[in-house]
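Derivation of every value follows stated rules applied to the coordinates shown; laboratory data play no part. Keep in mind that what you see is a predicted model, and the values were worked out from it rather than measured. All Cβ positions, glycine included, derive from the backbone under ideal geometry; neighbour counts span all protein chains shown.
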């Protein structure tokens with residue numbers, strides 16, 4: 001089936017195609033209504049060395065970096081996504097999905113603090129709460145270990161919580177899936193109806209026995225003729241006289257041949273006996 005034939009089938013079965021397209025549009029509309037637009041806000045923070053560790057650099061924390069800070073940043077990110085931390089954030093008014101992790105391709109102890117939700121204002125407020133709570137969580141870790149305040153690792157915000165950005169990727173994916181599913185169901189329905197409505201081709205007749213060979217008709221013998229032939233006698237020049245005085249045919253001469261008359265006609269007595277009896281004899 002080529003493309004032209006497909007279009008002809010679709011045009012012929014428009015009663016099925018039109019409801020299918022309306023159903024597809026309904027599915028896409030349902031996705032738009034049921035799957036809300038998501039918003040995301042993100043901030044970036046970095047861990048810095050303590051005041052004691054930066055004295056050699058005149059107190060500049062950005063000149064003093066240690067690999068241990070990256071390990072501390074990873075530990076803090078895992079702590080912020082724990083059940084206890086999430087409950088504390090919810091109690092402070094944070095909403096949405098909270099995520100904390102090391103920044104991708106970072107060459108230092110950089111962290112991304114991300115909040116995702118369906119309300120833009122709520123997402124922005126929740127990201128601010130998360131950023132403030134991360135610094136508190138870091139100080140709490142060190143106090144529990146009785147770390148000298150001048151030796152504590154510090155945190156500073158590199159990128160403050162950003163204005164929430166609409167996340168349409170997931171919604172668009174669902175819309176595409178609904179549209180494809182609706183079109184597939186529509187085409188299946190169209191070609192199913194076409195197959196049901198199309199007239200069936202007549203079935204070929206079952207092979208029967210081979211036809212009997214016709215008997216070859218005998219050629220027409222033509223009208224019946226009198227097959228009675230007179231006895232042919234050889235000519236006189238071909239006859240010789242035997243010792244007993246009777247005439248005999250020369251060798252090689254044609255012999256007299258007599259034929260039997262046909263059954264359709266009565267036997268001619270004259271030809272059989274040589275003469276017909278006269279009346280009165």
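Identify the residues of region 138-175 with backbone N under 16 Å of a label point that sits 7 angstrom from the Cα of residue 97 along the Cα-to-Cβ direction, or state none.
165-175
Order by neighbour count: 102, 48, fewest other Cβ atoms within 10 Å first, most last.
102, 48
Can you compute the label reach from residue 37? Point 7 Å from Cα along the Cβ direction, backbone N cut-off under 14 Å, restricted to region 111-139.
Of the residues in region 111-139, 117-121 have backbone N under 14 Å from the label point off residue 37.
How many percent of all Cα-Cα pairs in region 1-70 sit more than 19 Å apart?
69
Could you work out how much longer the chain between residue 78 and residue 156 gets when fully extended? Use 0.36 nm per residue separation minus the Cα distance between them, nm to one decimal.
26.2 nm
State, to one decimal in nm, how far the label point of residue 5 lies from the label point of residue 68, with both points 7 Å from Cα in the Cβ direction.
Here the modelled spin labels are 7.8 nm apart.
Residue 195 to residue 136: extension gain in nm, 0.36 nm per residue of separation minus the Cα-Cα distance?
14.2 nm
Residues of region 165-192 with amide nitrogen under 17 Å from the 7 Å Cα-to-Cβ point of residue 12?
Output list for this probe position: 187-192.
Roughly what % of Cα-Cα distances in region 38-167 sit above 20 Å, to the whole percent?
Summing the P(r) tail past 20 Å for region 38-167 gives 45 percent.
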